[in-house]
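Please treat every number below as a calculation from the coordinates, not as lab data. What you see is a predicted model, and the numbers here were worked out from it, not measured in a lab. Please note: Cβ atoms are built from the backbone with ideal geometry, for glycine as well, and neighbour counts cover all protein chains shown.
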Amino acid sequence: MTTEARLDLALDTWLAAPDHQLLRIDDPRYPALLREIPRPPPVLYVWGDPDVLVLPQLAIVGSRNATAEGADTARSFAAHLAATGFCITSGLAEGIDAAAHLGALHAPGGRTIAVCGTGPDSVYPRRHAALAGQIVAGGGAVISEFAPGTPVSRSNFPRRNRIISGLSVGVLVVEASVRSGALITARHAMEQGREVFAIPGSIHNPVARGCHQLIREGARLVETAADIVDELAGLLAGLRRDDAPLPLPGNRAAAAARADVEHEELLAAMGCDPISVDVLAARRGLTIGELSSMLLILELQGLVRSLAGGRYQRVNRSVE
């Protein structure tokens, strides 16, 4: 069998499976932002829901050799940004990429897209096959410009990186060495006119040096997810679909409903006066980690404000 015949067979086999689709560049579902970049991929192989490709996306990328703190930061930022309406896009790699996908999946109604540097019939690294399945089951998608049967090749990953940035309104780099592929993604983003954000770290941490270099080159230094939301709020509103929101899968819709109830109960427990995190955690029976996550989401929604001394206060919208 010739190579061409083998690839045709691989494509036919792949397309026959459920939730597998091929989007050509003239397909109305092909993402508009990606169509605008230099040399856009003529086709996208999509495993999952192609409709997520039109959602406003924020890319989160970084080192494969992430520190524990960096992975926690990526998960936290992804969860909070997904809760505000961004679809989180990354590359399914070890370290920061995987943490970003997981953070989005843990947000109520969160969606995430994984862009692969292999054919869509092969997940790399193989240990992330289960994560890829979770992304699709959660209403997201795993996509590639490479045809089924395309093996792992180092030269494919810089091409993959331009798609990650091309899909997104902005790119957040959490940790990166000065030779990291995340910097390639960030530079693609700059060339494509996208916003680039970077989180600073210790001057002694080698995986912070790439972020510091990006900041010197003009990337915006960010310390909280709110910094990104403030910068992109207008774009987020402008890029929302005009029709009804995409339906959530049943389990994620239920999770979103539960989160709404929990947030209402937390607001009620805060009362009108400033309250410390410790007191509020004890009042609601929550851990500090659980409470901090909920408070940041409420702060991003404009429902609470943070005060000095680790205190929070409910925002009275009728007064402001």
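Counting 0.36 nm for each residue step from ARG24 to VAL152 and taking away their Cα separation leaves a gain of 43.8 nm. Of the peptides 68-80, 188-200, the order by per-residue mean of other Cβ atoms within 10 Å, starting with the highest, comes out as 68-80, 188-200. The calculated FRET efficiency for LEU9 paired with ALA130, based on their beta-carbon distance and R0 = 30 Å, is about 0.65. Peptide packing: for 106-117, 35-46, the average count of neighbouring Cβ atoms within 10 Å per residue gives the ranking 106-117, 35-46, highest mean first.
Annotation: the chain has a Kirkwood hydrodynamic radius of 20.4 angstrom, from the mean reciprocal C-alpha pair distance. In this simple spin-label model, placing a label point 7 Å from the Cα along the Cα-to-Cβ direction at both VAL178 and GLU262 gives a separation of 4.3 nm. When peptides 12-18, 89-95 are ranked by their average number of other Cβ atoms within 10 Å per residue, the highest-first order is 89-95, 12-18. Our summary gives the chain a relative contact order of 15 percent, counting only alpha carbon pairs under 8 angstrom and 6 or more residues apart.
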